[in-house]
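Let me begin by presenting the structure, written as structure tokens, before commenting on it.
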């Protein structure tokens, strides 16, 4: 307790040290139930506490005066807008009765909050894509730190926490939590994480950070696009493969047709041989008829003309034979050529099929890689 | 100026003509020719023409021409020599041709005698020369060794 006669010395002491207390401090002398004197540090001040302010009867300070004993009280945020520790020391008169109290008020700040402005700017710089670091109390955003690369402009100091927000859930569950949020909420896809901060086993605040997920999201989208493109390519290649086997089938049927054509041209040759035989026979008939006509003398003259015509006719039919033979020979040559070409197209298509298989194998590898890439992108 | 018909046939590259009045008929070379013993090489043998046995000679052999394989185009020209028929194997019989007497050139008699030839003359048709056979001389020639 402080004797009333010592009060001035205490005031001098308080005024001297006030600005040297880290985190700030406020001194006040309550005379009866009214503040008679205050000294606050530059760093910390409770605006309500001014000279003339009458303090409530249910306060620790009033209890100190009533009970004439030193009381240390933690005041929750709900009372003065911030959490405070108030030490009240009774001030007694010469007869030992408490007539007032000297109150020493400290801001009660979580260590993380106390150093937030020191570490948060550094921490925010450490992230490659930038980061937004925040701290909330139980109802609103208390500290914020943007990095040059990344900011969350919609989150300001004083922004209320809603039941949808991760800090609310963390406060409720008392567990660290993380969440991915697509661009529909903040305009950019973000990853947000929040940790509960405890004091005496009670959650008093949350600390967390927002990380931009633009690169990871782009990467994931690209990986998905890549997979889609690859499956498109795979489908096209399958079509190629089936086309190659169709070429193979066509080539075989073409070869069969060619063999048939060769058979048919051989049959034509047989027919032309037959024509030649008939022509030879007819020619001999014509010649013999001419001989007979000559023997018949004048009477056979007309018959001789017929005989000559028969012979000419036989010559004509015979002359078609080498033409037919040449034609069938040409057919055989052309057909052989066609056969060779179709063979070469077959071998080309087989080479193509082999190349296609190689491509398919490569595509499968790339496909597997793109799946892996999508997985990695999801984990980012 | 008269003209007469000739049966034109070939022996190798050359064309020959035989007056049609000596020609009996033209047939294919028979498959079966019966060989005769002790005969000159140019006599192939005999064969049966509708009941008559007639000798066959190979004119190319007789004329000492280069031989070639017989083929389907070879013909047997049956010559009527009055009292006998003679089959002659020729390469091909091509036509019956009306030949102007004017186009026939006689060979020099010296040349004929040197070769003891049975060539009666040469028919000059411009782009082709046809040797005309004298059938009767041919008969003499063929059988002179007999």
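The values are calculated or read from the model by the stated rules, or taken from the named source; none is laboratory data. Keep in mind the model is a prediction, meaning the values are calculated, not measured. All Cβ positions, glycine included, derive from the backbone under ideal geometry; neighbour counts span all protein chains shown.
Restricting the first member to the range A:277-298 and to residues that are in the same structural domain as residue A:311 (by TED's automatic domain parsing), and the second to residues that are surrounded by fewer than 16 Cβ atoms within 10 Å (Cβ to Cβ) and part of a loop (DSSP other than H, G, I, E, B), the beta-carbon pairs closer than 9 Å and six or more apart or on different chains are A:277/B:72; A:280/B:72; A:280/B:73.
Okay, residues lined up against (1) surrounded by 14 or more Cβ atoms within 10 Å (Cβ to Cβ); (2) in the same structural domain as residue A:12 (by TED's automatic domain parsing); (3) modelled with pLDDT of 90 or more:
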| position | (1), (2), (3) |
| --- | --- |
| A:57 | no, yes, no |
| A:75 | yes, yes, no |
| A:97 | no, yes, no |
| A:133 | yes, no, yes |
| A:138 | yes, no, no |
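Residues of the range A:138-151 that are more than 16 Å from residue A:125 (Cβ to Cβ) and in a loop (DSSP other than H, G, I, E, B): A:138, A:139. Filtering the range B:82-95 to residues that are at pLDDT below 90 and within 9 Å of chain A (Cβ to nearest Cβ) leaves B:94, B:95. Taking (1) out of contact with any strand residue (DSSP E or B) (no Cβ under 6 Å at 6 or more places or on another chain); (2) surrounded by 12 or more Cβ atoms within 10 Å (Cβ to Cβ); (3) in contact (Cβ under 8 Å) with a residue 24 or more places away in the chain in turn, residue A:154 satisfies each apart from (2).
Filtering the range A:204-246 down to residues that are surrounded by 19 or more Cβ atoms within 10 Å (Cβ to Cβ) and over 28 Å from residue A:125 (Cβ atoms), which residue is modelled with the lowest pLDDT? The selected residue is A:244. Just one of the numbered conditions (1) in a strand (DSSP E or B); (2) away from chain A (no Cβ under 14 Å); (3) in contact (Cβ under 8 Å) with a residue 60 or more places away in the chain is not true of residue B:102; which one? (1) is the only condition that residue B:102 fails.
Table: residues versus (1) modelled with pLDDT under 90; (2) within 14 Å of chain A (Cβ to nearest Cβ).
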| site | (1), (2) |
| --- | --- |
| B:4 | yes, yes |
| B:16 | no, no |
| B:25 | no, yes |
| B:28 | no, yes |
| B:38 | yes, no |
| B:42 | yes, no |
| B:59 | yes, no |
| B:63 | yes, no |
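Which condition from (1) in a strand (DSSP E or B); (2) within 30 Å of residue A:380 (Cβ to Cβ); (3) out of contact with any helix residue (DSSP H, G or I) (no Cβ under 7 Å at 6 or more places or on another chain) is the one that residue A:125 breaks? Every listed condition holds for residue A:125 apart from (1). Part of a helix (DSSP H, G or I), closer than 26 Å to residue B:76 by Cα, touching a helix residue (DSSP H, G or I) at 6+ places or on another chain (Cβ under 8 Å) and more than 14 Å from every other protein chain (Cβ to nearest Cβ) - does that describe any residue in the range A:277-287? No - not one qualifying residue is present in the range A:277-287.
Return yes when residue A:113 is closer than 30 Å to residue A:66 by Cβ and either assigned to a strand (DSSP E or B) or out of contact with any helix residue (DSSP H, G or I) (no Cβ under 7 Å at 6 or more places or on another chain) (or both) and no when it is not. No. Within the range B:65-81, being within 14 Å of chain A (Cβ to nearest Cβ), farther than 20 Å from residue A:312 by Cα and part of a loop (DSSP other than H, G, I, E, B) holds for one residue alone: B:71. Set side by side, the residues A:317, A:339, A:344 differ, and just one is surrounded by fewer than 18 Cβ atoms within 10 Å (Cβ to Cβ) and in contact with a helix residue (DSSP H, G or I) (Cβ under 9 Å, 6 or more places away or on another chain), which is A:317.
The set of residues from the range B:1-29 being surrounded by fewer than 16 Cβ atoms within 10 Å (Cβ to Cβ) and outside any strand (DSSP E or B) comprises B:1, B:2, B:12, B:13, B:21.
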